[in-house]
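Down below is the structure, laid out as structure tokens.
The values are calculated or read from the model by the stated rules, or taken from the named source; none is laboratory data. Only a predicted model underlies this, so the values are computations on that prediction, with no experimental measurement involved. Here the Cβ positions follow ideal geometry from the backbone for every residue, glycine too, while neighbour counts run over all protein chains shown. Please note that ligands, DNA and RNA were not included when accessible areas were found on the heavy atoms of the full protein model with its side chains. Shrake-Rupley method; radii C 1.70, N 1.55, O 1.52, S 1.80 Å.
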Amino acid sequence: MRTARRTPRLLTATAAALALLLTGCGGTSDDDGKITLQFQSLAWQKESVDANKALVKEWNATHPDVKVEYLQGSWDSVHDQLLTSFEGGEAPDIIHDASDDLADFAYGGYLADIGDLLPERLKSDIPQRSWETTTFGGKVYGVPFLQEPRVLIANAKWLKESGVRIPTPEKPWSWDEFRSVTKELGDGKDGKYGVAWPLKEPVSATLNLSLSTGGKMFHRGADGKVDVRFDAADEIMPRTVHDQVNTDKSASGTTLGMGGSDTLPGFFGGKYAMVPLGFSYRQQIVQQAPEGFDWQVLPAPAGSEGLAQGVSPQTLSVSEDSPHKKEAAEFIDFFLQPDNMVRLARGDWMLPTGAEALRDPALHTTKDDWAVGPALAEHLRPAPAQSVRGYPEWKDKVATPAFQEYYSGAIGLGELRQRLVKDGNLVLARYQR
């Protein structure tokens, strides 16, 4: 239970009323003026948790008047947990989340506009394309600080022996070439496949990778309202997956219902030549791969827009109800100093958004293929659904089952389009009245 703010004994009626309103909100203030801020982190890997806690400890050692209390949250339940805490006036001051979860909280008045509270150093270090992921209606509701491209994790020995062209960020595969290569690597007849697509959560992967082909899916009109379309550019990536599974047999249909980690035993066992995964999965591979297993990171396929792909960066926001927004923003600035951003990125095996941190030599090593990541960073764009109100419902009720059925071969492209567009626009319309 959050401790109520202590207030001076002598209060005017107005001040007393205000104090009652603030009771139970994020930060607390002692009688001696010392402030306690609550920081809810979603770090979960040991290296990441250790980095987060170490930075909180360093802040507390150098800021005796503003103490930060570390709270452990969970990615699995963060949206509902935050909604409950916002509505109950119990939200932490500093909130760790992902940018695609911010829109409804921002429009709902739960997050503070921190644009004017952040130092120029931080604002200029992070590129504008990253700030777009946390900016709604011209107001900044979070600081994007870690991001993760999707890449192809490949069995290096298998690819080398096959003689296929190995793609690089400078010369990636096209989507057509990717399909052709996977056919050459395996068609399932001997239990070996060119690729395994773990698409238990198919929507973000589809939308984000489709940016490379010019797919947008969501289109905002002059009136500010968004509608769903499924045009030729949107078809390329999902059609490639569908045809790999159902026509070429180069992709295993059994992995469509899996999460990324579920595919790793088969990958290590020589069942799949490649698996499209987030960049951070390299940590699991380093920890779990059998001794001598040779793997490498390849860029995702490219389209008319090159290697462009959507990302939803991890973010730090400030609760609108926090009585100490300035101090919370100062902690965020400290937390995201370039050296600290590198520590956080390495702890999560992800990429920092900050330009200075991204240049750090520690992120450009050939060990564990770190260097591939920074080469892709300039191509990362805001995920298509960042500012779309109603996206979570559209994703859960319409898009997820539609894509799952399409990828498995249960429905065709026409049915997929009808459900995404017709049913999808009915959902979005309710949020845009």
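Filtered by the rule that a residue be under 23 Å from Gly214 (Cα atoms) and among the hydroxyl-bearing types (Ser, Thr, Tyr), the stretch 226-258 gives a lone residue, Thr240.
Keeping to the stretch 310-322, report how many residues are open to solvent by 10 Å² or more (accessible area, probe 1.4 Å) and touching a helix residue (DSSP H, G or I) at 6+ places or on another chain (Cβ under 6 Å). Selection size over the stretch 310-322: 1. Of all the listed residues (Lys157, Lys123, Lys200), the sole one being outside any loop (DSSP other than H, G, I, E, B) and within 15 Å of Val275 (Cα to Cα) is Lys157. Scanning the stretch 355-381 for residues that are in a loop (DSSP other than H, G, I, E, B) and either of a type in the set (Asp, Glu) or touching a Ser or Thr at 6+ places or on another chain (Cβ under 9 Å) (or both) yields a count of 4.
Please go through the stretch 284-299 and pick out each residue that is open to solvent by less than 10 Å² (accessible area, probe 1.4 Å) and over 15 Å from Leu376 (Cα atoms). Residue satisfying the conditions is Ile285 alone.
For beta carbons closer than 9 Å, sequence separation of 6+ or different chains, a first residue in the stretch 225-236 that is within 14 Å of Glu415 (Cα to Cα) and a second that is open to solvent by 30 Å² or more (accessible area, probe 1.4 Å) and among the aliphatic types (A, V, I, L, M), the qualifying pairs are Arg229/Val421; Phe230/Leu413; Phe230/Val421; Glu235/Leu413.
The criterion of at least 2 residues that are in contact with a strand residue (DSSP E or B) (Cβ under 8 Å, 6 or more places away or on another chain) and not hydrophobic (A, V, I, L, M, F, W, C) is met, among strands (runs of 3 or more DSSP E) falling completely within the stretch 224-312, by 274-278, 295-299, 309-311. Out of Ala355, Ala302, report the one residue that is at pLDDT 95 or above, in contact with a helix residue (DSSP H, G or I) (Cβ under 7 Å, 6 or more places away or on another chain), surrounded by 20 or more Cβ atoms within 10 Å (Cβ to Cβ) and not basic (Lys, Arg). The conditions single out Ala302.
Per-residue answers, yes or no, for (1) open to solvent by 70 Å² or more (accessible area, probe 1.4 Å); (2) within 18 Å of the chain's Cα centre (by Cα); (3) closer than 20 Å to Ala329 by Cβ:
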{"residue": "Ser48", "(1), (2), (3)": "no, yes, no"}
{"residue": "Ala51", "(1), (2), (3)": "no, no, no"}
{"residue": "Ala54", "(1), (2), (3)": "no, no, no"}
{"residue": "Glu58", "(1), (2), (3)": "yes, no, yes"}
{"residue": "His63", "(1), (2), (3)": "no, no, yes"}
{"residue": "Glu69", "(1), (2), (3)": "yes, no, yes"}
{"residue": "Gln72", "(1), (2), (3)": "yes, no, no"}
{"residue": "Val78", "(1), (2), (3)": "no, yes, no"}
{"residue": "Leu82", "(1), (2), (3)": "no, yes, yes"}
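Out of Leu363, Leu426, one residue alone is free of Cβ contacts under 8 Å to residues at least 24 places away in the same chain and under 24 Å from the mean Cα position of the chain (by Cα). It is Leu363. The set of residues in the stretch 330-339 being buried (at least 20 other Cβ atoms within 10 Å of the Cβ) and either part of a helix (DSSP H, G or I) or under 15 Å from the mean Cα position of the chain (by Cα) (or both) consists of Phe331, Ile332, Phe335.
Residues checked against (1) under 23 Å from the mean Cα position of the chain (by Cα); (2) free of Cβ contacts under 8 Å to residues at least 12 places away in the same chain; (3) open to solvent by 30 Å² or more (accessible area, probe 1.4 Å):
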position	(1), (2), (3)
Pro167	no, no, no
Lys171	no, yes, yes
Glu177	no, no, yes
Leu185	no, no, no
Gly194	no, no, no
Pro202	yes, no, no
His219	yes, yes, yes
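Suppose the filter is more than 17 Å from Leu199 (Cα to Cα) and crowded, with 22+ Cβ neighbours inside 10 Å; does Gly215 pass it? Judged against the criteria, Gly215 is a match.
Within the stretch 249-276, being aromatic (Phe, Trp, Tyr) and open to solvent by 20 Å² or more (accessible area, probe 1.4 Å) holds for one residue alone: Phe268. Apart from one condition, Met237 fits all of (1) under 20 Å from the mean Cα position of the chain (by Cα); (2) open to solvent by 40 Å² or more (accessible area, probe 1.4 Å); the exception is (2). Pairs linking a residue in the stretch 400-423 that is over 18 Å from Val228 (Cα atoms) to a residue that is open to solvent by 50 Å² or more (accessible area, probe 1.4 Å), with Cβ atoms under 6 Å and 6 or more positions apart or on different chains, are Ile411/Glu405.
If you go through the stretch 151-162 one residue at a time, do you hit one that is under 18 Å from the mean Cα position of the chain (by Cα) and surrounded by fewer than 18 Cβ atoms within 10 Å (Cβ to Cβ)? So far as the stretch 151-162 goes, no, none of its residues is under 18 Å from the mean Cα position of the chain (by Cα) and surrounded by fewer than 18 Cβ atoms within 10 Å (Cβ to Cβ). Set side by side, the residues Ser124, Ser130 differ, and just one is among the small types (Gly, Ala, Ser), at pLDDT 95 or above and either open to solvent by less than 30 Å² (accessible area, probe 1.4 Å) or under 20 Å from the mean Cα position of the chain (by Cα) (or both), which is Ser130. You will find that of Lys123, Lys67, the residue that is without any contact (Cβ under 8 Å) to a residue 12 or more places away in the chain and either within 20 Å of Gln386 (Cβ to Cβ) or in contact with a Ser or Thr (Cβ under 9 Å, 6 or more places away or on another chain) (or both) is Lys123 and no other. Take Leu118 and tell me if it is surrounded by fewer than 21 Cβ atoms within 10 Å (Cβ to Cβ), modelled with pLDDT of 95 or more, touching a helix residue (DSSP H, G or I) at 6+ places or on another chain (Cβ under 7 Å) and closer than 17 Å to Asp333 by Cβ. When the stated conditions are applied, Leu118 passes them.
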